[in-house]
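**Student:** Before I ask anything, let me first share the structure, which is written out below as C-alpha cells.
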Ligand SMILES: Nc1ncnc2c1ncn2[C@@H]1O[C@H](COP(=O)(O)OP(=O)(O)OP(=O)(O)O)[C@@H](O)[C@H]1O
Ligand SMILES: [Mg+2]
C-alpha cells in the first residue's frame, strides 16, 4: 500500500489551493479519481486543478448531462468527467473512455469509483469526506494495484 497524504481542509479556498498546488505536479496522461458524497468538494477540487493548468476556473462545472467536459485552453488539456448519473459501465465505452486516456491530457473523474475495473493503473485517488459545514478530510493516494 502506498502512503496516503491526509489533510483537513477548513474552507473551499483551502481545497482550491490544495488542488492547485497538487495540480502543478500532474502530467499529461495522469488520471485522478475523485470520490466522496454529494457536496464533498469534488468540483471545487477540479477548479483548483484548472487554476494550476491556467484554465479559467469559471468554466468548470459538473458535466451532468454530457458526462464529460473538455477544457482545452490551458497548458495541458483537462478532461472532466462525472459518473454520478452513469447508469451502466458500457456508457464509459460509448463516450470514448479509452480515447480520453490516450489524448495527452489530464483526466479527472467525479464519482470515479463507479469506473470499477475500467480505471487504469496507476491512477491518483482523491477521497473527500465531509466533517462539517466547512471542513473536509482529503486523502490522496497513488493506486497501482
Ligand atoms: N473545505 C471545503 N472544501 C470544499 N468545499 C467546501 C468546503 N467547505 C464547504 N464547502 C462547500 O461545499 C460545496 C462543495 O460543492 P461541490 O460542487 O464541489 O461538491 P461535489 O463533491 O462536486 O458534489 P457533487 O457530488 O454533487 O458533484 C460547495 O458549496 C463549497 O462551498
Ligand atoms: Mg461535483
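The values are calculated or read from the model by the stated rules, or taken from the named source; none is laboratory data. Because the structure is a prediction, the values reported are computed rather than measured. Neighbour counts run over all protein chains shown; Cβ positions are idealised from the backbone, glycine included.
**Student:** Does region 47-86 hold any residues that are more than 14 Å from ligand 2 (Cβ to nearest atom) and farther than 23 Å from residue 25 by Cβ, and which are they?
**Tutor:** Hit for region 47-86 is 58, nothing else.
**Student:** For residue 68, indicate whether it is at pLDDT below 95, within 16 Å of residue 110 (Cβ to Cβ) and under 13 Å from the mean Cα position of the chain (by Cα).
**Tutor:** Here the answer is yes, as residue 68 does meet what is asked.
**Student:** If you don't mind, another one. Would you be able to say whether some residue in region 114-130 is under 14 Å from the mean Cα position of the chain (by Cα), more than 28 Å from residue 13 (Cα to Cα), within 16 Å of ligand 1 (Cβ to nearest atom) and surrounded by 15 or more Cβ atoms within 10 Å (Cβ to Cβ)?
**Tutor:** Yes, that holds for at least one residue.
**Student:** Within region 131-145, count every residue that is more than 16 Å from ligand 1 (Cβ to nearest atom) and in contact with a strand residue (DSSP E or B) (Cβ under 8 Å, 6 or more places away or on another chain).
**Tutor:** 3
**Student:** Just checking, which of 8, 89 is farther than 22 Å from residue 120 by Cβ and away from ligand 2 (no atom under 16 Å from the Cβ)?
**Tutor:** 8
**Student:** Something else: Tally the residues that are closer than 28 Å to residue 99 by Cβ, within 13 Å of ligand 2 (Cβ to nearest atom) and not in a helix (DSSP H, G or I), restricting the search to region 11-44.
**Tutor:** The qualifying residues number 3.
**Student:** Mind checking which residues of region 45-79 are within 12 Å of ligand 1 (Cβ to nearest atom) and part of a loop (DSSP other than H, G, I, E, B)?
**Tutor:** The answer is 60, 61, 62, 63, 64.
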